[in-house]
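Enquirer: Before we start, here is the structure in question, set down as structure tokens.
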Amino acid sequence: MPQTDADSKVILLVEDNLHNRRIFSGILRHYGYEVQEAVNGAEAVEMARSLVPDLILMDLSLPVMDGWEATRQIKAVAELTKIPVIALTAHAMAGDEDRAREVGCDGYLSKPISPTKVVEAVQRFIGEKV
Ligand code: MN
């Protein structure tokens, strides 16, 4: 059931594609997560520092700063290093997943992906809402 809950877990969704952002935010909110959105890697690093989210969904192909570099910077901050980062990539190239793991990504999903699969991945890392 859709609900908003003060104790909801906070997900930082980093995605420059408006359509994907709407789809992923919509379903995650439906499942009771609080979703905050960043549209580029630099904004992701800033928002991770200020929000200290429970999980980060990180598109890898992003303007300003790519998702690999943003993840590397986030994982370098002591208070943020334990936050699970799930990488999302639209055009998976050989080596993308390895590079993502090298910079500290904890999970890896390739798009196109059904929104339900995104929710399942999030739940595997942080469980259901609250
Ligand atoms: Mn992108």
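Enquirer: Please count how many residues of segment 71-86 are out of contact with any Leu (no Cβ under 7 Å at 6 or more places or on another chain), open to solvent by less than 50 Å² (accessible area, probe 1.4 Å) and assigned to a helix (DSSP H, G or I).
Expert: At the first step, the residues of segment 71-86 found to be out of contact with any Leu (no Cβ under 7 Å at 6 or more places or on another chain) are 71-73, 75-82, 85.
Now restrict to residues that are open to solvent by less than 50 Å² (accessible area, probe 1.4 Å): 71, 75, 77, 80, 85.
With the extra rule that they be assigned to a helix (DSSP H, G or I), the set shrinks to 71, 75.
Here the count works out to 2.
Enquirer: Here is a list: S8, S50. Which entry is more than 16 Å from the ligand (Cβ to nearest atom) and in contact with a Phe, Trp or Tyr (Cβ under 7 Å, 6 or more places away or on another chain)?
Expert: Values: S50 fails: in contact with a Phe, Trp or Tyr (Cβ under 7 Å, 6 or more places away or on another chain).
Within the list S8, S50, the selection yields S8.
Enquirer: Would you mind stating whether D106 is touching a strand residue (DSSP E or B) at 6+ places or on another chain (Cβ under 9 Å) and either more than 20 Å from G127 (Cβ to Cβ) or buried (at least 23 other Cβ atoms within 10 Å of the Cβ) (or both)? Give the derivation first.
Expert: Working: touching a strand residue (DSSP E or B) at 6+ places or on another chain (Cβ under 9 Å): yes; either more than 20 Å from G127 (Cβ to Cβ) or buried (at least 23 other Cβ atoms within 10 Å of the Cβ) (or both): no.
Considered against the rule, which asks whether it is touching a strand residue (DSSP E or B) at 6+ places or on another chain (Cβ under 9 Å) and either more than 20 Å from G127 (Cβ to Cβ) or buried (at least 23 other Cβ atoms within 10 Å of the Cβ) (or both), D106 comes out as no.
Enquirer: Please tell me if S61 is outside any helix (DSSP H, G or I) and hydroxyl-bearing (S, T, Y).
Expert: When the stated conditions are applied, S61 passes them.
Enquirer: Another question, if that's okay. Taking segment 53-70 as the search range and keeping residues that are away from the ligand (no atom under 16 Å from the Cβ) and open to solvent by less than 30 Å² (accessible area, probe 1.4 Å), which one is nearest to the chain's Cα centre (by Cα)?
Expert: Step one: of segment 53-70, the residues away from the ligand (no atom under 16 Å from the Cβ) are 53-55.
In the following step, the residues that additionally are open to solvent by less than 30 Å² (accessible area, probe 1.4 Å) were identified as 53, 55.
Details: P53: 10, L55: 6 Å.
Restricting to residues being away from the ligand (no atom under 16 Å from the Cβ) and open to solvent by less than 30 Å² (accessible area, probe 1.4 Å), the top hit is L55.
Enquirer: Considering E43, E37, which residue is within 15 Å of the ligand (Cβ to nearest atom), open to solvent by 40 Å² or more (accessible area, probe 1.4 Å) and touching a strand residue (DSSP E or B) at 6+ places or on another chain (Cβ under 7 Å)?
Expert: Details: E43 fails: touching a strand residue (DSSP E or B) at 6+ places or on another chain (Cβ under 7 Å).
Being within 15 Å of the ligand (Cβ to nearest atom), open to solvent by 40 Å² or more (accessible area, probe 1.4 Å) and touching a strand residue (DSSP E or B) at 6+ places or on another chain (Cβ under 7 Å) holds for just one of E43, E37, which is E37.
Enquirer: Give me the pairs, please: first residue somewhere in segment 79-95 and in contact (Cβ under 8 Å) with a residue 60 or more places away in the chain, second residue anywhere and among the hydroxyl-bearing types (S, T, Y), beta-carbon distance under 8 Å, and either six or more positions apart or on two chains.
Expert: L88/S110; A90/S61; A90/S110
Enquirer: Give the residue that is farthest from the chain's Cα centre (by Cα), with candidates limited to residues of segment 87-103 that are open to solvent by 20 Å² or more (accessible area, probe 1.4 Å) and within 14 Å of the ligand (Cβ to nearest atom). Let's see the steps before the verdict.
Expert: Going residue by residue through segment 87-103, those that are open to solvent by 20 Å² or more (accessible area, probe 1.4 Å) are 90-95, 97-99, 101-103.
In the following step, the residues that additionally are within 14 Å of the ligand (Cβ to nearest atom) were identified as 90-93.
Working: A90: 14, H91: 17, A92: 16, M93: 19 Å.
Taking the candidates together, the pick is M93.
The values are calculated or read from the model by the stated rules, or taken from the named source; none is laboratory data. Note that the structure is a prediction, hence the values are computed from the model and not measured. Please note: Cβ atoms are built from the backbone with ideal geometry, for glycine as well, and neighbour counts cover all protein chains shown. Heads up: the accessible areas ignore ligands, DNA and RNA and are worked out on the full protein's heavy atoms, side chains in. Shrake-Rupley method; radii C 1.70, N 1.55, O 1.52, S 1.80 Å.
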